[in-house]
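Just below is one structure, and these are the notes that go with it.
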Amino acid sequence: MQRVKRARHLTQFVFGGFIIVAGVRHQLSPDGGTASVDALCPFGAVETLATWIMTGAMISKIHPSNLVLGLALLVGTLLVGNAFCGWICPFGAIQDALSWVRRTLHIPSVTLPHAVDAALRWGRFVVLAVILYFSYATARLWFADYDPYVTLFGLHWLFEGPSDALWIALGILGVVVAGSVVIDRFWCRYLCPLGGVLSVVGRFSLIRIRRSTASCTDCTLCDKPCPVGIEPSKAKPFVSADCIGCMDCVATCPVPHALTLSAPVFLGIPRPGAEPAPTATRAHRESVHAGKES
Amino acid sequence: MKVSVWVAPVASVIILLGSVGVATVTGDWVTSGRQQVVQGQETSSGDVKGWMTLEGVAQGAGIGLDELIKEAGLPADIATRVPLKDLKETLPDFEISEVRDAVERLS
């Protein structure tokens, strides 16, 4: 299962590198028609959706590429769940890297009380609502001035002179980076508007991670590697739709078939008779718990 | 039914890249406004963008450059090969909408 983790990090590296190259190319040849990082983000499809439906036109800086990526993401999430956040999103990759830096430097992480964490996750929908409103009202890519993804990968901070707008954007990015150092995937958990959309769409995925109540030994080892803190050990039986599809929980679980990708799933309802046969004997459970306590 | 852990990420990548591939083949993979509106070719007032020059706008709209400059109320010695968005550096009061309106009136 370590192969899964290595493959994920490699995939993140490839997509992140691609976005950086795209940002550099766009900055070096702004008149050449090269893609900006705005054009390569599927969230652009969400931002222009209302305008596109009402008028048939797209807001400025949004192009057909955004619609293609948005549709692909929608279809992919419905079919196989949200793996975009865990495997592809460059900003997610940056946050994973910051978490690795924290662990390497032994900086203590921050664990919020469950109630606070649950309340803060609604922040994604607040951000989403604000963006949708201002995008439609201004008919422009309003969020681009504040989007930490654009700020970081658009490289305006590197190629352009300082401006009030840039300082505001850098401030927002700084807050997100600082938050991501002490809380894994801080942006994803509490602020990402695309994550909010995908958490809703993900509820209708045909494939979801499922916990076998018969096999699970409640060792909770799967909770520790979860970047978004959704506690797979408590899944009943499907993990939260906030899952980013990183598969770290499945890779970590010591009991065969206790955590698996399960299909088909219809509206979050387990298919009758689809519960995997128990694989954990009493002796196995006791050994797992003994290992956890030592 | 148990599914391999590889299914979700592999399928996501394939769907994403496959969509880009299909869109590229069908001509729908457009990532820049400059791919949709080519300067100098059938430019209407709504097509005028900040990256265009006065020369390009006049050529695309099929109107004389001097006529466009005069209609937009711009100085006769204005730079005609500088992107419109950069004209603000020499003309602080300049707005691209002035060029759009001029094209609309002359078309």
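The values are calculated or read from the model by the stated rules, or taken from the named source; none is laboratory data. As the structure is a prediction and not an experimental result, all values here were calculated from the model. Note: ideal-geometry Cβ built from the backbone for every residue, glycine included; neighbour counts use all protein chains shown. Note: accessible area is taken over every heavy atom of the protein model, side chains too, but ligands, DNA and RNA are not part of it. Shrake-Rupley method; radii C 1.70, N 1.55, O 1.52, S 1.80 Å.
Starting with the highest mean, order A:246-259, A:171-184 by the number of other Cβ atoms within 10 Å, averaged over the residues of each peptide.
Most protected by this proxy first, the peptides run A:246-259, A:171-184.
Hey, any idea what the orientation-averaged projected area of the convex hull of the stretch A:206-252's Cα atoms comes to, in nm²?
Dividing the Cα hull surface by four gives the mean projection, 3.1 nm².
In whole Hz, with x marking every Gly and Pro, tabulate ³J(HN,Hα) for the stretch A:185-202 from phi via Karplus 6.51 cos²θ - 1.76 cosθ + 1.60, θ = phi - 60°.
Rounded to whole hertz, the list is 6, 3, 4, 4, 5, 10, 10, 5, x, 5, x, x, 4, 5, 5, 7, 4, x.
Between A:A118 and A:F18, what is the FRET efficiency for a Förster distance of 30 Å, r being their Cβ-Cβ separation, to the nearest 0.05?
With a Förster radius of 30 Å, E is 0.30.
Run down the lysines and flag those whose C-alpha is under 25 Å from the C-alpha of B:K49, throwing out any fewer than 8 positions away in its chain.
Of all the lysines, those that pass the test against B:K49 - Cα under 25 Å, at least 8 places apart if same chain - are A:K61, B:K70, B:K85, B:K88.
Percentage of Cα-Cα pair distances in the protein assembly as shown greater than 33 Å, rounded to whole percent?
41
Just need the Rg to Rh number for the stretch A:156-273, please, alpha carbons only, Kirkwood Rh.
For the stretch A:156-273, the value is 1.13.
Report the label-to-label distance for A:A50 and A:A178 in nanometres (one decimal), using points 7 Å from each Cα along the Cα→Cβ vector.
3.1
Once the whole set of protein chains is in place, how much accessible area is left on B:T24, using a 1.4 Å probe, in Å² to the nearest 10?
So the heavy atoms of B:T24 present about 80 Å² to solvent.
Would you rank A:W52, A:W87, A:W122 by solvent-accessible area, highest first, keeping every protein chain in place and using a 1.4 Å probe?
Per-residue accessible area, sorted high to low, gives A:W122, A:W52, A:W87.
Please give the helix A:43-55 orientation as an angle from the longest Cα principal axis of chain A, in degrees from 0 to 90, rounded to the nearest 10.
Between helix and principal axis, roughly 60 degrees.
Let me confirm one metric for peptide B:23-32, namely the mean number of other chain beta-carbon atoms within 10 Å of its residues' beta-carbons.
For peptide B:23-32, the averaged partner shielding equals 6.
What is the average number of partner chain Cβ atoms found within 10 Å of a Cβ in A:54-64?
Counting Cβ atoms of other protein chains within 10 Å of each residue's Cβ and averaging gives 2.
What's the average, rounded to a whole number, of partner chain beta-carbon atoms within 10 Å of each residue's beta-carbon in A:255-267?
2
At 1.4 Å probe size, with no ligands or nucleic acids counted, give the accessible surface of A:F15 in Å², nearest ten.
Per-residue accessible area (A:F15): approximately 30 Å².
For A:L166 paired with B:R105, estimate the spin-label separation in nm (one decimal), with each label point 7 Å from Cα along the Cα-to-Cβ line.
Calculated label separation equals 3.7 nm.
Test of understanding: extend the Cα→C-beta vector of B:A76 to 7 Å, then name every residue of the stretch B:52-70 with backbone N under 18 Å from that spot.
B:64-70
Could you name the lysines whose alpha carbon sits less than 27 Å from that of B:K2, not counting residues in the same chain fewer than 8 places away?
Excluding near neighbours in sequence, the set is A:K5, A:K224, A:K234, A:K236, A:K292.
Determine the order of A:F84, A:F266, A:F186 by accessible area, beginning with the largest, at a probe radius of 1.4 Å.
A:F266, A:F186, A:F84
Identify which of A:G86, A:G161, A:G245 has the largest mean-square fluctuation in a Gaussian network model of chain A, with springs joining Cα atoms closer than 10 Å.
A:G161
At A:V126 and A:I107, where each label point lies 7 Å from the Cα along Cα→Cβ, what is the point-to-point distance in nanometres?
Here the modelled spin labels are 2.4 nm apart.
Which one, B:E89, B:E55, B:E71, has the greatest fluctuation when you compute a Gaussian network model over chain B with C-alpha springs under 10 angstrom?
B:E89
Please build a GNM for chain A, connecting alpha carbons under 10 Å apart, and tell me which residue among A:P264, A:P64, A:P113 fluctuates the most.
A:P113
Can you figure out the FRET efficiency of A:R203 with B:K85, using R₀ = 41 Å and their beta-carbon distance, to the nearest 0.05?
The calculated FRET efficiency here is 0.40.
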